[in-house]
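Any read-out appearing in this document is the output of simple, stated calculations on the displayed coordinates, not a laboratory observation. These figures come from a predicted structure and were not determined experimentally. A quick note on method: Cβ atoms are made from the backbone with ideal geometry, for glycine too, and the neighbour counts reach across all protein chains shown.
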Amino acid sequence: MRDLSLYDPVWRAAEPYMRARKNDVHIPLSFAWCQKLLALHPGADADICSLAILLHDIGWYSIDMERILTEGFRSENFLTSDVRVLHEIEGVRLGTEVLKATGWSEDVIAQVCEIIDGHDTRSTPHHLNDRIVRDSDKLWRYEVTGISVAADWFGTTPGGYADRIEGELHKFETDHGRRMAEEALDISRAQLMLHVL
């Protein structure tokens with residue numbers, strides 16, 4: 001098991017930006033999924049993936065929560081909405097500040113920010129590191145916590161959201177990510193009693 005305390009200064013520096021949109025829940029859960037995927041993809045760069053998933057959504061901090069919900073989750077074209085693009089731009093800006101303040105090299109910063117920029121809105125990933133971060137970002141949605149939080153964001157029930165994300169399993173970038181999502185969703189459906197509720 002890798003020593004993840006290497007990232008503690010980054011967590012501390014980014015923490016003020018995680019107090020928006022439940023990112024203080026979403027990001028740590030996505031980070032944990034990222035570590036599982038990294039263990040199955042030895043060709044990926046663990047630092048780049050770990051830093052990118054840790055910082056990928058801190059840009060939401062710069063956007064009003066009402067705007068996040070109405071434009072970023074409940075609009076017809078929410079995946080390409082202006083607020084989605086803005087949170088990526090702000091994520092690059094804030095992520096660069098955090099990484100510089102915690103001593104990471106310009107090369108690492110460039111690679112991390114390449115992933116953050118477009119992680120929601122870009123149609124295809126650049127490389128393996130990008131695919132792992134994209135899958136890590138999605139996987140938390142399949143847990144009980146992710147289903148309950150995201151159901152509120154999308155204005156639906158846990159069962160409705162579970163059905164929605166089941167229909168999105170084909171969007172996973174890696175076979176391991178898709179398998180993990182299927183397993184997590186089965187567990188979440190049972191724990192949330194979705195066969196009844």
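Any idea what the relative contact order of segment 112-181 is, in percent, if you count C-alpha pairs under 8 Å spaced at least 6 apart? Relative contact order comes out at 31 percent.
Relative to the longest principal axis of the chain, what angle (0 to 90°, nearest 10) does the C-alpha long axis of helix 23-40 take? Tilt of helix 23-40: around 80 degrees.
Based only on other Cβ atoms within 10 Å, what is the fewest-to-most ordering of Glu66, Glu182? Show your work: numbers first, answer last.
On the way: Glu66 8, Glu182 14.
The order, fewest Cβ neighbours first, is Glu66, Glu182.
Label point of His195 set 7 angstrom out along Cα-Cβ; within segment 121-153, no amide nitrogen lies under 15 Å from it. Here the relative contact order of the chain, from alpha carbon pairs under 8 Å that lie six or more residues apart, stands at 22 percent.
Classify segment 4-191: rounded, prolate or oblate, from the alpha-carbon gyration tensor (a ≥ b ≥ c, eigenvalue square roots; a/c under 1.5 rounded; otherwise prolate if a/b is larger than b/c)? Oblate is the answer for segment 4-191, as a/c is 1.5 or above yet b/c matches or exceeds a/b. The stretch between Arg12 and Leu40 holds 7.3 nm of extra length on full extension. This uses 0.36 nm per residue minus the Cα-Cα distance. Ranking of Leu128, Leu197 by neighbouring Cβ atoms within 10 Å, starting from the fewest: Leu197, Leu128.
For segment 124-137, 3J(HN,Hα) computed residue by residue from phi via the Karplus equation (6.51, -1.76, 1.60; θ = phi - 60°) reads 9, x, 7, 6, 4, 4, 5, 4, 5, 5, 4, 5, 4, 5 Hz, glycine and proline entered as x. Name the shape class, rounded, prolate or oblate, that the alpha-carbon gyration tensor gives for segment 95-158, where a ≥ b ≥ c are the square roots of its eigenvalues, rounded holds for a/c under 1.5, and otherwise prolate holds if a/b is larger than b/c and oblate otherwise. It is prolate, given that a/c is not under 1.5 and a/b is the larger ratio. The angle between the Cα long axis of helix 46-55 and the longest principal axis of the Cα atoms of the chain comes to about 70 degrees, rounded to the nearest 10.
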